[in-house]
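A.B. asks: I have a structure here, written as structure tokens, and I will follow up with some questions on it.
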Amino acid sequence: MRGRTLVIGAIVASLVLVGAYLAAGGSTYEPKHVQNPCNPRPWSNPQGLGEIANQFTNSALDGAACRLGVSRETLARALATPEARRRFAEKYGIDDEKLAQAIRAGLLRAVDDAEEAGALSPFLAAPLRESVQSIPLEQAIELIQNAKSLLGNVESFLGPASGLLEHFLP
């Protein structure tokens, strides 16, 4: 008798769970719509290199994805590994030159966005713009994937004068 009660209780609990799921809209599922990468995203007030690097990366991915006509998330996955990049290139018919142009455009957008947000001084923005216009594809991908290392390298390059960097970054 006790076993039968437990089975009936489990069935009732299962039905209640299914009912609650359906009541909450679980009968239909649509993935969350991703933001259009061509629309600007507001920069928050970044505090430190890590936050600036994160926003720089997002902005660069948005700019490149916009140029390629894909989502930022699709491009980020494509740049994760050489194999993913190869599959992306085949699927979208994008050669390395077109990808490099798009990534350079994305990096330029990131520099512009950072400067406009006050996260990057014009003193640093101008030479960065010049650098990214001719950066090789592999280095451009590395920069997008690890913008923090670029900013960290600038800081370590300055050595004892790294306190000066605080005048050029928030």
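A.B. asks: Which of (1) under 13 Å from the mean Cα position of the chain (by Cα); (2) open to solvent by 30 Å² or more (accessible area, probe 1.4 Å); (3) at pLDDT 80 or above does Cys38 not meet, given it meets every other one?
C.D. replies: Failed condition: (1).
A.B. asks: Being loosely packed, with under 14 Cβ neighbours inside 10 Å and free of Cβ contacts under 8 Å to residues at least 12 places away in the same chain is the filter here; which residues of the range 43-60 pass it? Before you say what the answer is, go through the steps one by one.
C.D. replies: First pass over the range 43-60, keeping only residues loosely packed, with under 14 Cβ neighbours inside 10 Å: 44-45, 47-48, 50.
Within the range 43-60, Ser44, Gly48 meet the criteria.
A.B. asks: Follow-up question, since we're still on this one. Run down Asp113, Asp96 and say which single residue is modelled with pLDDT of 85 or more and under 16 Å from the mean Cα position of the chain (by Cα).
C.D. replies: Values: Asp96 fails: under 16 Å from the mean Cα position of the chain (by Cα).
Selected residue: Asp113, the only one of Asp113, Asp96 that is modelled with pLDDT of 85 or more and under 16 Å from the mean Cα position of the chain (by Cα).
A.B. asks: Any idea which of (1) modelled with pLDDT of 90 or more; (2) open to solvent by less than 70 Å² (accessible area, probe 1.4 Å); (3) in a helix (DSSP H, G or I); (4) not acidic (Asp, Glu) is the one Leu158 doesn't satisfy?
C.D. replies: Failing condition for Leu158: (1).
A.B. asks: So Ala76 ticks every box in (1) modelled with pLDDT of 90 or more; (2) farther than 30 Å from Ser121 by Cα but one. Which box is left unticked?
C.D. replies: In the conditions (1) modelled with pLDDT of 90 or more; (2) farther than 30 Å from Ser121 by Cα, Ala76 misses (2) alone.
A.B. asks: Scan the range 66-94 for residues that are charged (D, E, K, R) and surrounded by fewer than 18 Cβ atoms within 10 Å (Cβ to Cβ) and jot them down. I'd like the intermediate steps shown before the answer.
C.D. replies: Pass one, the range 66-94, residues charged (D, E, K, R): 67, 72-73, 77, 83, 85-87, 90-91.
Glu73, Arg77, Glu83, Arg86, Arg87, Glu90, Lys91, listed by residue number.
A.B. asks: So, one more: Does at least one position in the range 57-70 carry a residue that is among the acidic types (Asp, Glu) and within 17 Å of Ala140 (Cα to Cα)? Let's see the steps before the verdict.
C.D. replies: Initial filter on the range 57-70 (among the acidic types (Asp, Glu)): 62.
Filter once more, keeping what is within 17 Å of Ala140 (Cα to Cα): 62.
Among the residues of the range 57-70, at least one is among the acidic types (Asp, Glu) and within 17 Å of Ala140 (Cα to Cα), which makes the answer yes.
A.B. asks: Can Gln101 be described as surrounded by fewer than 20 Cβ atoms within 10 Å (Cβ to Cβ) and outside any helix (DSSP H, G or I)?
C.D. replies: On the way: surrounded by fewer than 20 Cβ atoms within 10 Å (Cβ to Cβ): yes; outside any helix (DSSP H, G or I): no.
When the stated conditions are applied, Gln101 does not pass them.
The values are calculated or read from the model by the stated rules, or taken from the named source; none is laboratory data. Computed from a prediction, not measured in an experiment: that's the story for all the values here. No Cβ is skipped: glycine too gets one built from the backbone with ideal geometry, and neighbour counts run over all protein chains shown. Note: areas computed on protein heavy atoms with side chains; ligands, DNA, RNA excluded. Shrake-Rupley method; radii C 1.70, N 1.55, O 1.52, S 1.80 Å.
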